[in-house]
Amino acid sequence: MFKKSSGENWLIVGLGNVGNEYDHTRHNIGYDLLTKLCDKFSVSLNPEAKFSGLTGRGKIAGNEVRFIFPTTYMNESGRAVGALATFFKIKPEEILVLHDDLDLEPGFMKLKFAGGLAGHNGLRSITKCLANSQNYYRLRLGIGKPPSKDVVSWVLGRPNSADQNKIDDAYQTAIIGIEKLFTEGVSKATALINGFKPN
């Protein structure tokens with residue numbers, strides 16, 4: 001459970017692919033939220049080769065939190081998460097992963113602990129590199145299903161303006177909800193995030 005701690009016990013991961021061609025695509029929605037979260041809490045993300053990602057450190061409600069965007073591409077995200085978690089002795093249950101989700105409509109979100117991987121390659125890689133533990137938090141950010149069976153083109157494409165507006169609204173609530181994890185606990189944060197409905 002999230003609570004105040006004097007140690008650097010928390011890790012927030014934003015998933016996506018590295019490269020300008022992937023900027024603000026549906027598959028990078030986790031990274032986009034991570035950058036907004038870092039802006040909110042005055043955290044700078046900088047390259048750190050030994051963790052295969054952009055990393056930062058800051059405080060949320062008095063808790064020291066580490067942040068990472070794996071720069072290994074989505075399918076190998078676990079290399080970065082596993083390396084950082086091992087080095088700083090961060091347990092799976094002290095990790096929150098922000099990621100895109102096809103099963104939720106744009107702007108809808110779900111905060112959950114553990115559970116299945118829903119075919120998400122980033123989650124699969126993270127689970128593998130956390131000794132096959134699925135016991136970490138996920139914030140699922142909706143991108144909707146593709147109109148055709150071409151899932152790859154859909155997730156690597158950019159939302160239209162209407163969907164992007166819904167996603168932008170969701171980001172604001174997600175940031176408030178993540179702060180609530182540390183101030184009011186998981187139940188209150190879950191109620192806020194899962195209850196959000198985009199305009």
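The values are calculated or read from the model by the stated rules, or taken from the named source; none is laboratory data. A quick note: this is a predicted structure, and the numbers were derived from the prediction, not measured. So basically every Cβ, Gly included, is an ideal-geometry build from the backbone, and we count neighbours across all protein chains shown. For accessibility, only protein heavy atoms count, side chains too; no ligands or nucleic acids. Shrake-Rupley method; radii C 1.70, N 1.55, O 1.52, S 1.80 Å.
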Quick one: how many residues across region 29-51 are open to solvent by less than 30 Å² (accessible area, probe 1.4 Å) and either within 18 Å of Ser77 (Cβ to Cβ) or assigned to a strand (DSSP E or B) (or both)? 8
Inside region 64-80, can you point out the residues that are buried (at least 20 other Cβ atoms within 10 Å of the Cβ) and assigned to a strand (DSSP E or B)? Val65, Arg66, Phe67, Ile68, Phe69, Pro70
From the list Lys91, Lys110, Lys128, pick out the single residue that is open to solvent by 10 Å² or more (accessible area, probe 1.4 Å), under 22 Å from Phe69 (Cβ atoms) and in contact with a strand residue (DSSP E or B) (Cβ under 8 Å, 6 or more places away or on another chain). Lys110
Any pair with Cβ under 8 angstrom, 6 or more apart, that starts in region 37-60 at a residue that is touching a residue at least 24 places away in the same chain (Cβ under 8 Å) and ends at one that is in a helix (DSSP H, G or I) and among the β-branched types (Val, Ile, Thr): Leu37/Ile175; Leu37/Ile178; Lys40/Ile175; Leu45/Thr35; Ile60/Ile178
Return yes when Asn194 is polar (S, T, N, Q) and open to solvent by 70 Å² or more (accessible area, probe 1.4 Å) and no when it is not. no
Scanning region 159-175 residue by residue, those open to solvent by 60 Å² or more (accessible area, probe 1.4 Å), under 15 Å from Lys197 (Cβ atoms) and of a type in the set (S, T, N, Q) turn out to be Asn165, Gln172
Here are the criteria: (1) in a strand (DSSP E or B); (2) more than 16 Å from Arg140 (Cα to Cα). Tell me which single one Ala83 does not satisfy. (1)
Requiring at least 2 residues that are closer than 26 Å to Asn9 by Cβ, the helices (runs of 4 or more DSSP H) wholly within region 110-197 are 121-129, 161-183, 186-194
